[in-house]
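Remarks on the structure that follows.
Derivation of every value follows stated rules applied to the coordinates shown; laboratory data play no part. As the structure is a prediction and not an experimental result, all values here were calculated from the model. Here Cβ is always computed from backbone atoms with ideal geometry, including for glycine, and neighbour counts include all displayed protein chains.
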Amino acid sequence: MKVFDAYPTKQFQSDEVLLYAGDTPKNLFFLNSGHVKQFTNSKDGKELIIHIYENGAIFPLSWGLNKIVPEHHFISMDTVEVTLVPTRNFSKILLDHPDIHLEMTKRLVSGISGLSKRIEILNFENAQGRIISTLTYLKKHFGSKLSFTHEELAALTGLSRERVSIEMKKLKDKKLISYTRSIISLKSGLSR
């Protein structure tokens, strides 16, 4: 978006921290390229991925709109370029650019809808249903060849890595997916 061209950009390599939970951001991040995961850890160290941001996202909106300090970590999943938008300018940008305001509102509504669906899946689906729903979601956002580890799928589904491996093997045996250590290929019959 052109309005952000006046602000500096910054690059992050894969697995670099953009923001730790509890940190007060000086800037919001407008994601130009790459993917950023928003996640938390349980007391025993288990990771739960809350959301994966893609191009065009601005985060953390909780801080940008309401000055609520983020409770989650934000880490790059691949090479990422962001524009650093000063927090103090964000409200004015939204007021001066209704198109950006509308786009952010659409993204928020879509995000809330997606989170609602994930809550439903996590509470009502069995392990295989969680995996299929998550793979279907990831396919929609990343295509039919996915680069996610079983550990990352566990963090998205609330399952153990071991359970993910068992369920992935079942899906592979049914020829709904194929995978190597780093790439998961989804077949056309996989759907939820």
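Which is farthest toward the positive dipole end of the stretch 2-90 among GLY34, VAL85, ILE52, measuring Cα position about the Cα centre, with Cβ charges +1 (Lys, Arg) and -1 (Asp, Glu)?
Working it through, the farthest residue towards the positive pole turns out to be VAL85.
Cut-off is 10 Å between beta-carbons; in what order do HIS150, HIS101 appear when sorted fewest neighbours first?
Ranking HIS150, HIS101 by Cβ neighbours within 10 Å, fewest first, gives HIS101, HIS150.
How far, in degrees from 0 to 90, does helix 98-124 lean away from the longest principal axis of the Cα atoms of the chain, to the nearest 10?
Once rounded, the angle reads 30 degrees.
Mind sorting out which of [x] 11.3; [y] 13.7; [z] 9.9 is the real mean projected area of the Cα convex hull in nm² computed from the coordinates?
Structure-derived value, by its label: [x].
Which residues does a label at THR79 reach in the stretch 1-43, if reach means a backbone N under 11 Å from a point 7 Å past the Cα toward the Cβ?
12-14, 34
What is the extension gain from LYS140 to LEU115, computed as 0.36 nm multiplied by their sequence separation minus the C-alpha to C-alpha distance, in nm to one decimal? Each step should come with its number before you reach the end.
Values: separation 25, 0.36 × 25 = 9.00 nm, distance 1.49 nm.
Extending this stretch completely gives an extra 7.5 nm.
Taking the Cβ-Cβ separation of ILE68 and SER33 as r and a Förster radius of 30 Å, what is the calculated FRET efficiency to the nearest 0.05?
Values: r = 27 Å, r/R0 = 0.90.
About 0.65, to the nearest 0.05.
What value, in deg cm²/dmol to 500, does the helix sum -39500 (n - 2.57) over DSSP H runs of n ≥ 4 give at 222 nm once divided by the residues of the chain?
-13500 deg cm²/dmol
Any idea what % of Cα-Cα pairs in the stretch 2-90 are farther than 21 Å? Mind showing how you got there, number by number?
Numbers: 994 of 3916 pairs.
Here the tail beyond 21 Å accounts for 25 percent of pairs.
To the nearest 20 Debye, how big is the dipole of the chain about its Cα centre, given +1 on the beta carbon of each Lys and Arg and -1 on that of each Asp and Glu? Don't skip to the answer; put the middle values down first.
Details: 27 positive and 20 negative charges, 143 e Å.
Its charge dipole is roughly 680 debye.
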